Amino acid sequence: MNRKYYREYAMEQDNNTNESLEGELKLQPEEKVSEPKMYRVIMHNDHYTTMDFVVEVIMKVFNKPAAEATKIMLDIHKKGMGICGVYTYDIAVTKISEVHSMAKKRQFPLKCSYEEV
């Protein structure tokens with residue numbers, strides 16, 4: 001392609017582009033993204049599950065240090081329930097499932113539930 005022809009071609013392309021840009025520019029409205037709902041994971045007291053097992057579950061499933069796991073276990077024992085953490089729905093349900101699975105393997109009736117914050 002020689003230079004003269006290339007310049008004419010480039011100018012022609014610029015003119016076509018300018019013509020197509022005339023008029024109104026329509027934009028899509030911005031989608032508003034909200035924070036996900038959060039849920040408390042609550043462990044409930046029963047008279048059969050050992051305190052040691054409850055601490056073990058809290059440490060493994062909820063990644064709590066021993067001291068915090070013991071505090072939560074004592075809340076469960078004294079108050080009838082204790083909050084193990086606050087998570088999005090999918091994570092909360094997964095953690096509850098893990099707790100129930102561990103309890104079933106060890107034949108404990110430990111129960112866990114969630115509630116919206």
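Cross-link pairs exceeding 30 Å between alpha carbons, from the set 37/64; 32/111; 64/105: 32/111. Each 10 Å bin from zero up to the one holding the largest Cα-Cα distance in the stretch 66-117 carries the following percent of pairs: 23, 51, 26, 0.
No value in this document is a laboratory result; all are computed from the given coordinates. Small disclaimer: the values here were computed from a predicted structure and weren't measured.
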